[in-house]
Structure formats: structure tokens, C-alpha cells
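*Asks:* So that we are looking at the same thing, I have put the structure below in C-alpha cells.
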Amino acid sequence: MKKQFQTIDWSKAKRSFRRTAIYLGIYLILTFASASMLVTLHPSRALAITLALVPAFAAIGIVRAYLLSVRELDEFQRRLHYEAILIAAAVTAFASVAYGFLELWAGFPRLPAFFAMLVMVGAFSLAIVVLNWRHRL
Amino acid sequence: MRNRLKVLRAERNWSQADLADRLEVSRQSVNAIETGKYDPSLPLAFKIARVFALPIEQIFSDEVEAAS
């Protein structure tokens, strides 16, 4: 069958979704296992550091899945993703600096560092939806 | 950069999807190039020239040169 390139190539989208779901599953299992062990075993500091970092390394798999998906896009669609990443990086930088000052001088509560990742993923998702909408068919 | 993609495609009775298939890109990309929202890379511009069997300068032109 002739290869069809549509706005969404469903066979690639399915493959990409499956790959991301697998890595996300591994990440969630390791996060749950690591958290359970930290709470129940009360490990030494060295072991606690190791256990705490296990889910972080598992998250590299999610990044790999995303990179593989982007490589399968054509050059224009890749440009949209690069633009979305740039917007997400700018939003994250602004949000972290602004909140840092609020923490320091306005008594705002301290937030865990991984909130920066949530901001970045949120900003990226919003940016890619808006950019695709602007270039809709 | 200006291009004659839409005219050339119409002359051949190709839809955007037909051209996208020939170029192995998405229809979204063909649409963005046609509407001047995206300038293709050199490899893609050469591929477009090959698909239309035309020299690249007969498809793409410099906007500043075209205006003067």
C-alpha cells in the first residue's frame, strides 16, 4: 500500500503512543516501588538517594520515546515541535524565576523542584496544540 | 520566499494530499509551504523541483527580487 502522509499518520501515532505508554508504565511502576521502599524500609542515606533517583532515570525512557516520535515527523512538523519546546523552556524559565522571587521575598511556600517539569510539560502541551491549530487544514 | 506550488499543482490536477504523498511529507506541510507560512529546506525544495520536473528557480523566487 502506498505510504500516506496525513496531518496525523495514525500508524506512526499508534507506534509512538505504544512506545510512550510502555516507558510511562515502567516509570510509574518504578516510582511506586521506590516510594513504597523509601516509606517502609527506612533505608540508609546512600540507599535512599539511590531509590529516589531510580524513577528519575526511568523518565529518560519517556524522553527517548518523545525523541523517536519527533524524528518520525516531517521537517515542518518537527519545526512546530522545536517552537513548542522553545516556548515551554521560556515559560519554565520565567515561572521558576518569578516563583523564586515570590518564595524569597513574599513568603510563598517552597515547592518541590519537579514542579518545574510539570510547568514545562503543561506549557509544551498547550503550545503544540495552539501551533497545530494555527496551521490546521 | 514566494512559490508557485499552488498553480503548478492545479495545472497537474493534483490535490494537496497527492503532492504530499509524492513529497513524502504531511498535507499540513504542503499547505504551510503553499500559503507562504513555511519555507522548505533545500533538500525538500529540490525534491519539489524533481516532482514537478522544473528547475528550482521556476518554482521559488526571492520576495525582494520579485518586488523590484
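*Asks:* From the list A:A46, A:A13, pick out the single residue that is in a helix (DSSP H, G or I) and either surrounded by 15 or more Cβ atoms within 10 Å (Cβ to Cβ) or modelled with pLDDT of 90 or more (or both). Write out each step before concluding.
*Replies:* Details: A:A13 fails: either surrounded by 15 or more Cβ atoms within 10 Å (Cβ to Cβ) or modelled with pLDDT of 90 or more (or both).
The conditions single out A:A46.
*Asks:* Here's another thing I want to ask about it. Quick one: count up the residues across the range A:104-114 that are free of Cβ contacts under 8 Å to residues at least 12 places away in the same chain and under 25 Å from A:A52 (Cα atoms). Even if it seems obvious, please write down each step before you answer.
*Replies:* Step one: of the range A:104-114, the residues free of Cβ contacts under 8 Å to residues at least 12 places away in the same chain are A:104-110, A:112-114.
Filter once more, keeping what is under 25 Å from A:A52 (Cα atoms): A:109-110, A:112-114.
Matching residues across the range A:104-114 total 5.
*Asks:* Here's something else I'd like to know. Filter the range A:70-108 for residues that are in contact with a Ser or Thr (Cβ under 9 Å, 6 or more places away or on another chain) and in a loop (DSSP other than H, G, I, E, B); which is nearest to B:R27 (Cα to Cα)?
*Replies:* Within the range A:70-108, the match that is nearest to B:R27 (Cα to Cα) is A:D74.
*Asks:* Here is a follow-up. Examine the range A:70-90 for a residue that is more than 28 Å from A:N132 (Cβ to Cβ), hydrophobic (A, V, I, L, M, F, W, C) and exposed (fewer than 13 other Cβ atoms within 10 Å of the Cβ), and state whether such a residue exists. Don't jump to the end; show me each part of the working.
*Replies:* The initial filter retains those residues of the range A:70-90 that are more than 28 Å from A:N132 (Cβ to Cβ), namely none.
Within the range A:70-90, none of the residues are more than 28 Å from A:N132 (Cβ to Cβ), hydrophobic (A, V, I, L, M, F, W, C) and exposed (fewer than 13 other Cβ atoms within 10 Å of the Cβ).
*Asks:* When the residues of the range B:19-66 are filtered to those that are acidic (D, E) and out of contact with any Phe, Trp or Tyr (no Cβ under 9 Å at 6 or more places or on another chain), which remaining residue is farthest from A:E72 (Cα to Cα)? Talk me through it step by step, then tell me what you get.
*Replies:* Just the residues of the range B:19-66 that are acidic (D, E), to begin with: B:21, B:24, B:34, B:39, B:57, B:62-63, B:65.
From what is left, the residues that are out of contact with any Phe, Trp or Tyr (no Cβ under 9 Å at 6 or more places or on another chain) are B:34, B:57, B:62-63, B:65.
On the way: B:E34: 22, B:E57: 29, B:D62: 30, B:E63: 32, B:E65: 36 Å.
Within the range B:19-66, the match that is farthest from A:E72 (Cα to Cα) is B:E65.
*Asks:* Here's something else I'd like to know. Could you please let me know if A:E83 is within 16 Å of the chain's Cα centre (by Cα) and under 22 Å from B:A20 (Cβ atoms)? Lay out the reasoning, then the answer.
*Replies:* Values: within 16 Å of the chain's Cα centre (by Cα): yes; under 22 Å from B:A20 (Cβ atoms): yes.
Yes; evaluated as a whole, the condition is true for this residue.
*Asks:* On to the next question. Could you say whether any residue in the range A:34-46 is away from every other protein chain (no Cβ under 14 Å) and under 16 Å from the mean Cα position of the chain (by Cα)?
*Replies:* No, the range A:34-46 contains no residue that is away from every other protein chain (no Cβ under 14 Å) and under 16 Å from the mean Cα position of the chain (by Cα).
*Asks:* In addition: Given the criteria out of contact with any Leu (no Cβ under 7 Å at 6 or more places or on another chain) and part of a helix (DSSP H, G or I), does A:I26 qualify?
*Replies:* Details: out of contact with any Leu (no Cβ under 7 Å at 6 or more places or on another chain): yes; part of a helix (DSSP H, G or I): yes.
Taking the combined requirement at face value, the residue satisfies it.
*Asks:* Criterion first (closer than 24 Å to A:Y66 by Cα, outside any loop (DSSP other than H, G, I, E, B), at pLDDT 95 or above and not aromatic (F, W, Y)) does A:V130 satisfy it? Steps first, answer last, please.
*Replies:* Working: closer than 24 Å to A:Y66 by Cα: yes; outside any loop (DSSP other than H, G, I, E, B): yes; at pLDDT 95 or above: yes; not aromatic (F, W, Y): yes.
Judged against the criteria, A:V130 is a match.
*Asks:* Quick one: which of B:S26, B:S61, B:S41 is over 22 Å from A:R136 (Cβ atoms) and within 14 Å of chain A (Cβ to nearest Cβ)? Please lay out each step first, then the result.
*Replies:* Numbers: B:S26 fails: over 22 Å from A:R136 (Cβ atoms); B:S61 fails: within 14 Å of chain A (Cβ to nearest Cβ).
The match here is B:S41.
*Asks:* What residue, among those in the range B:5-22 that are out of contact with any helix residue (DSSP H, G or I) (no Cβ under 6 Å at 6 or more places or on another chain) and closer than 25 Å to A:W133 by Cα, is nearest to the other protein chains (Cβ to nearest Cβ)? Write out each step before concluding.
*Replies:* At the first step, the residues of the range B:5-22 found to be out of contact with any helix residue (DSSP H, G or I) (no Cβ under 6 Å at 6 or more places or on another chain) are B:7, B:10-15, B:18, B:21.
Next, only the ones that are closer than 25 Å to A:W133 by Cα stay: B:14-15, B:18, B:21.
Numbers: B:W14: 14, B:S15: 12, B:D18: 11, B:D21: 6 Å.
My answer is B:D21.
The values are calculated or read from the model by the stated rules, or taken from the named source; none is laboratory data. Note that the coordinates shown come from a computational prediction; the quantities given were computed from them, not determined experimentally. Ideal geometry is used to build each Cβ from the backbone, glycine not excepted, and the neighbour counts take in all protein chains shown.
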